[in-house]
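Before any comments, here is the structure.
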Amino acid sequence: MNLHRHLDKLAYDGGAGEVAQVIPMVKALQQIATTRRLLIVGDSKLVSYDNLSKMHGDDVSFVAPASKVYVPAEALAGLDLTQASRVDYVAARDRGKDPAKLGTWHVYEDTMTLTGPRKKDPVLTLRRVFVHSSARAQAAATARAKKLDRATDDLDRLTRGLGSRHYPDAAAVEARLAVIGKTRRVGAYLRTTTGTCPDTGKPTLTWHFDQQTIDAEAATDGWYALLTNLDPDEADAVQVLLHYKGQEAVERRYSAFKGPLAVAAIYLKNNRRITAMITVVCLALLIFSLIERQVRHALAALGRTTIAGLYAGRPAVPTTRLIFQALAGMRLIPATSGDPHTIPQPTPLQLEILDLLDVNPLEWC
């Protein structure tokens, strides 16, 4: 196959929606790839009957989180954490922390069916992996407590201001209640009654948060569902979660690919040259990724995850951008009159990075 000729046909309208491009791109990748078995890890926008049924029919595996349209909150609220299996997984943000403070992960698996928009559409049966993250649950509980506290402050101020020039009547009070419910995102819990005092003519207000609704939402904290067509022999529930968590590394590479390049704009005359340019960019991004991988692996062998002073003088997990920034000030003096090549006054940070990369620039001269 002439790869360049094939790639010439893969340009999409820049204004077209990405959802409609998923299936054509996957099929094109299948034709190009030497290994035809593909795994697509996406976000919730990937989940639609048309997308999933076509991928499943074309032998493309997928893992994607289901939105509440497909897995309602009631399904999450009914889950029992004691019935889920603990996962041996440590989030990147938790590495190096006290083991007692690490977040925990649990998975629970069942199946679900997805029906198409037409009666003749076949029913699609999928594996559904429920995931519980203690860190996510804590974050949800903290966020809810904060917005309830802030809404309470707003409601207390409103109550104290009843009958003032700002809230002279019930209509003004109701308008303010609508704003509080929307901006503090407590409309689902807030229950209010407004009226007018017959003696004073001032507006009245009573309010409370519906604890039953709050408890129902709290029951879903930390839970989300992943849908997949992976065979259980290929990946159990734990491996499905790990596949999904691996998306972050791909997303960072994708971000680098789509992001601005530190070069001047280049105008090319035909698709063949565009393909060649993309090939060069992809090779550069491959090297870009391998540099980060090499440094992180070298750190892991030392039982570390960060480099001291890498980001604004503080320890940081290495990325290629940070590595390049640290090495940017390094200079090489070429050999002259029998004197060897030298690197004048490299910093301790630069020397450590070169050691982790197992690179000696002087050997390249």
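Brief remarks follow.
- Pairs are defined by a Cβ separation below 7 Å, a sequence spacing of at least 6 or placement on different chains, a first member in region 235-259 that is without any contact (Cβ under 8 Å) to a residue 12 or more places away in the chain, and a second member that is open to solvent by 40 Å² or more (accessible area, probe 1.4 Å); the pairs so defined are ALA235/HIS243.
- Checking the stated criteria, ALA276 turns out to be open to solvent by less than 80 Å² (accessible area, probe 1.4 Å), in contact with a His (Cβ under 8 Å, 6 or more places away or on another chain), hydrophobic (A, V, I, L, M, F, W, C) and closer than 27 Å to VAL250 by Cβ.
- Of the residues ALA141, ALA175, the single one that is out of contact with any helix residue (DSSP H, G or I) (no Cβ under 9 Å at 6 or more places or on another chain), part of a helix (DSSP H, G or I) and on the phi < 0 side of the Ramachandran plot is ALA175.
- Hey, GLY181 over 23 Å from SER133 (Cβ atoms), open to solvent by less than 60 Å² (accessible area, probe 1.4 Å), of a type outside the set (Asp, Glu) and touching a Gly at 6+ places or on another chain (Cβ under 8 Å) or not: yes
- Residue within region 123-131 that is of a type in the set (Ser, Thr, Tyr), within 30 Å of GLY57 (Cβ to Cβ) and either modelled with pLDDT of 95 or more or open to solvent by 40 Å² or more (accessible area, probe 1.4 Å) (or both) present: yes
- Within region 91-108, not a single residue is touching a strand residue (DSSP E or B) at 6+ places or on another chain (Cβ under 9 Å), closer than 24 Å to ARG185 by Cβ and open to solvent by less than 40 Å² (accessible area, probe 1.4 Å).
- Beta carbons closer than 7 Å, at least 6 apart along the sequence or on distinct chains, pair a first residue in region 139-162 that is closer than 13 Å to THR183 by Cα and open to solvent by 60 Å² or more (accessible area, probe 1.4 Å) with a second that is of a type outside the set (S, T, N, Q) and modelled with pLDDT of 95 or more for ARG150/ARG184.
- Scanning region 210-228 for residues that are part of a loop (DSSP other than H, G, I, E, B) and open to solvent by 20 Å² or more (accessible area, probe 1.4 Å) yields ASP210, ALA219, THR220, ASP221.
- Pairs, first surrounded by 11 or more Cβ atoms within 10 Å (Cβ to Cβ) in region 330-350, second assigned to a strand (DSSP E or B) and at pLDDT 80 or above, C-beta under 9 Å, six or more apart: THR347/GLY309; LEU349/ILE307; LEU349/ALA308; LEU349/GLY309; LEU349/LEU310
- Failed criterion for THR194 (all others in (1) assigned to a strand (DSSP E or B); (2) without any contact (Cβ under 8 Å) to a residue 24 or more places away in the chain; (3) of a type in the set (Val, Ile, Thr) hold): (2)
The values are calculated or read from the model by the stated rules, or taken from the named source; none is laboratory data. All values derive from a computational prediction rather than experimental measurement. So basically every Cβ, Gly included, is an ideal-geometry build from the backbone, and we count neighbours across all protein chains shown. These accessible areas exclude ligands, DNA and RNA; they are computed on the full protein's heavy atoms, side chains included. Shrake-Rupley method; radii C 1.70, N 1.55, O 1.52, S 1.80 Å.
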